[in-house]
Amino acid sequence: MELVNPGIGLIVWMTLAFLAILYILGKYAWKPIMTALKERESSIHDALNSAEKAKEEMKKMEFSNEQLLLEAKNERDIILSTARKIKETIIEESKQKASEEANRIIVSAKESIRNEKMAAMTDLKNQLAELSLEVAKKILKKELSDPKKQEEYSKELMKDVKFN
Amino acid sequence: MIRSRFTSLILVVVFLCSLVSLQQAQAGAMIQEGSTLKPADSASVREMKEKPGEEKFNPGEMIMEHVVDNHEWHIITLGHLNLYLPLPVLIICEGQFHAFWSSKFHNETHSYLGFTLSKQGANKGKIVTVQQEMTGKGPNVYDFSITKTVLAIFLSSFFLILIFISVANRYRKEPNQAPHGLQNLLEPLILFIRDDVAKSSIGEKKYEKYLPYLLTIFFFILFNNLLGIIPIFPGGANVTGNIAVTGVMAVFTLIITTISGNRHYWIDIINTPGVPWWLKLPIPLMPIVEIIGIITKPFVLMVRLFANMTAGHIIILGFISIIFIFGQISSVLGIGVGIPTLLFMIFMDLLELLVAFIQAYVFTLLSALYFGLATIEPEHH
């Protein structure tokens, strides 16, 4: 067969075979491959985009987190300082109250001591009076049991009595 | 799954080989290899030359035999065993259809049903009537045989379909996954054709319509180029170095270009812009050149691929022939020349590997450029 002289049979068979593979590959190979490639590309594109977005969001979140942390710190400081103040005032107040109470107690104690003392003094006075009366009574009884003495005493008394 | 397919494929090949007739070798070109390996002094060489049955090694004949199409697929010659695959002969002569195996020609008369393979002249290798072979005149024989090239086209098409459908299934089964295996090997090529050939030549908007065709011709040419380099059975056929094959593909490109040509494309052909008016008006010189250009573009596509592939095959076969030519003079000389020649051959094979890719790429790229030219929208200033 001549090198540069195409045979009719070969042309016919080649045309048929080429049309067949063009159709078969076009329908069952290139189409699914191309759609798959496109899908994959778009999915990669989307994934990259969303990753970028997530990164940005993370940055934002980090920033807000920092802010939040700072705020919390400030708040803590404020709370701590107010707590300290409150503590101090409470201590101060309680100290004051305690001293006041102590004073009050001391005053009332002094009062009651004086009262008790007065009562005790009165009691003692009464008892002393009674005792002296009793003694007197007993002495008198003894002194005046003897009629001679009675007479003597009456005479003595009579002496004191001056008729003016 | 791919493995089981390949197993079935091997079974098919074994079945085809069982059809092969084992034939006593005629004193052909290749058999002389046996004689060159014998220790030969000048006397035995002389003796060999004087033997009436032995033909002298004819490199031109051997090269042409390997480069052009054939009615049987020669596989190997071992000593006196000539292993070949007979192929079906389908011919129409004088309105009558004949179908028989090409092995039917292997008889004393080298003819069957009045047909024979022409041995010399313009029709060498073609099927002609015995009458024409004798007298030079006879009825036309329309040959639709499944020749070596046709079978190679069928086999490579089968392989291509098998490969790409399995790859497509991988894509369908595992969408949005990283490619692996065969898919990983082919994906860069597919993406290359899509992005660097189709998209850049035709444009973002219209490339999708032409992509299946571009991918098909690229892989068809590449696959057949690579198979052509392999010297054993499923390979070795010079498919892309056959002018009918490249011609059919070029015609496809021409048809697609012509069909998709828009108004702008035809106006540019008839009234070429940027050319002085006197080249168009009295004698329409430029339009004629442009119209010829429509045909020359695919013609060049056809010739380029055919010439590149055939030339590569011829060079490699030429190197092989050098070994045999020197081997016929003396076997020592044959071995001595054989070693550097073998190195050259390896170099040429590697070069052919490169050319296989380059030619597939060039054919595809130029087709894409022609489609791009046909569909380009006029720029509005």
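Working from the pairwise distances between different alpha carbons, so that the mean of 1/r is found and then inverted, what is the stretch B:149-375's Kirkwood radius in Å? All intermediate terms of the calculation are to be shown ahead of the outcome.
Values: mean 1/r = 0.0497 Å⁻¹.
One decimal place: 20.1 Å for the Kirkwood radius.
What stretch of chain B, leaving out the sites themselves, is the longest with no GluC sites (Glu not before Pro) in a DSSP loop having at most 15 other Cβ atoms within 10 Å? Working shown, then result.
Working: sites that count: B:Glu54, B:Glu55, B:Glu94, B:Glu108, B:Glu204, B:Glu379.
Result, exposed sites excluded: B:205-378.
Which FRET efficiency, nearest 0.05, do B:Asn271 and B:Asn58 yield, Cβ-Cβ r, R0 51 Å?
Numbers: r = 56 Å, r/R0 = 1.10.
The pair B:Asn271/B:Asn58 has a calculated efficiency of 0.35.
Given points 7 Å out from each Cα along the Cα-Cβ axis, report the B:Ile230 to B:His180 separation in nanometres with one decimal.
Between B:Ile230 and B:His180, the label points sit 2.6 nm apart.
Binning at 5 Å from 0, report for the stretch B:170-276 what percent of all alpha-carbon pair distances ends up in each bin.
The calculated distribution, bin by bin, is 2, 10, 13, 15, 17, 15, 11, 8, 4, 3, 1, 0.
In percent, how large is the relative contact order of chain B, given Cα pairs closer than 8 Å and 6 or more residues apart?
Value for chain B: 18 percent.
Answer with one residue from A:Ser81, A:Met58, A:Thr122: the one whose Cα lies farthest towards the positive end of the charge dipole of the stretch A:53-143, charges on Cβ with Lys, Arg +1 and Asp, Glu -1.
A:Thr122
On alpha-carbon atoms, Rg over Rh for the stretch A:44-90 using Kirkwood Rh? Intermediate values should be presented prior to the final figure.
On the way: Rg = 19.9 Å, Rh = 13.4 Å.
Taking Rh as the inverse mean 1/r over Cα pairs, Rg/Rh reads 1.49.
Starting from the 7 Å offset along Cα-to-Cβ, what nm value, one decimal, do you get for the label separation of A:Tyr28 and A:Ala129?
My value for the distance between the label points is 14.3 nm.
Over the Cα atoms of chain B, how large are the radius of gyration and the largest Cα-Cα distance (Dmax), in Å?
Over chain B's Cα set, Rg and Dmax evaluate to 25.4, 85 Å.
Please compute the Kirkwood hydrodynamic radius of the stretch B:88-145 from all pairs of different C-alpha atoms, in Å with one decimal. Kindly include the intermediate steps, with their values, before the conclusion.
Details: mean 1/r = 0.0882 Å⁻¹.
In the stretch B:88-145 this quantity evaluates to 11.3 Å.
Taking a quarter of the surface of the convex hull around the Cα atoms of the stretch B:60-213, what do you get in nm²? Write down the numbers at each step before the final one.
Numbers: hull surface 61.2 nm².
Over all viewing directions, the stretch B:60-213 projects a mean Cα-hull area of 15.3 nm².
From the phi angles alone, apply the Karplus equation (6.51, -1.76, 1.60; θ = phi - 60°) to the stretch B:354-364 and give each ³J(HN,Hα) in whole Hz, x where the residue is Gly or Pro.
Result, rounded to whole Hz: 5, 4, 4, 6, 4, 5, 4, 5, 5, 4, 5.
For the stretch B:88-145, calculate the relative contact order in percent as a whole number, restricting contacts to Cα pairs under 8 Å that are 6 or more residues apart.
Numbers: 85 pairs, mean separation 21.4, N = 58.
This gives 37 percent for the stretch B:88-145.
Given an 8 Å cut-off on Cα distances and at least 6 residues of separation, report the relative contact order of the stretch B:282-381 as a percent.
Details: 38 pairs, mean separation 26.0, N = 100.
Across the stretch B:282-381, relative contact order equals 26 percent.
Can you give the extra length, in nm with one decimal, that the chain gains between A:Leu3 and A:Glu111 once fully stretched, where that is 0.36 nm per residue apart less the Cα-Cα distance? Let's see the in-between values first.
Values: separation 108, 0.36 × 108 = 38.88 nm, distance 14.61 nm.
The span from A:Leu3 to A:Glu111 would gain 24.3 nm if fully extended.
Set the Förster distance to 51 Å, then compute FRET efficiency between B:Lys137 and B:Ile283 from the Cβ-Cβ distance, nearest 0.05. Mind dumping the intermediate values first?
On the way: r = 44 Å, r/R0 = 0.87.
That gives a FRET efficiency of 0.70.
B:Leu211: net charge of surrounding residues, Cβ under 15 Å, Lys/Arg +1, Asp/Glu -1, itself excluded? Don't skip to the end; give the middle numbers.
Values: positive: A:Lys27, A:Lys31, A:Lys38, B:Arg194, B:Lys199, B:Lys205, B:Lys206, B:Lys209; negative: A:Glu41, B:Glu187, B:Asp195, B:Asp196, B:Glu204, B:Glu208.
Local charge sum for B:Leu211: +2.
Tell me, what is the Rg over Rh of the protein assembly as shown, with Rh the Kirkwood radius over Cα pairs? Provide the component values of the computation, followed by the final result.
On the way: Rg = 59.7 Å, Rh = 33.1 Å.
Expressed as Rg/Rh, it is 1.81.
Within chain A, which complete DSSP H helices have Cα atoms spanning at least 18 Å along the helix axis and a mean Kyte-Doolittle hydropathy of 1.0 or higher?
A:8-25
For the stretch A:53-143, which semi-axes, largest first and in whole Å, follow from the square roots of 5 times the eigenvalues of its Cα gyration tensor? Walk me through the intermediate numbers first.
On the way: eigenvalues 1431, 15, 4 Å².
For the stretch A:53-143, the ellipsoid semi-axes come out as 85, 9, 4 Å.
Throughout, read-outs are computed from the coordinates displayed, never taken from laboratory work. Note that this is a predicted model, so its numbers are computed, not measured. No Cβ is skipped: glycine too gets one built from the backbone with ideal geometry, and neighbour counts run over all protein chains shown.
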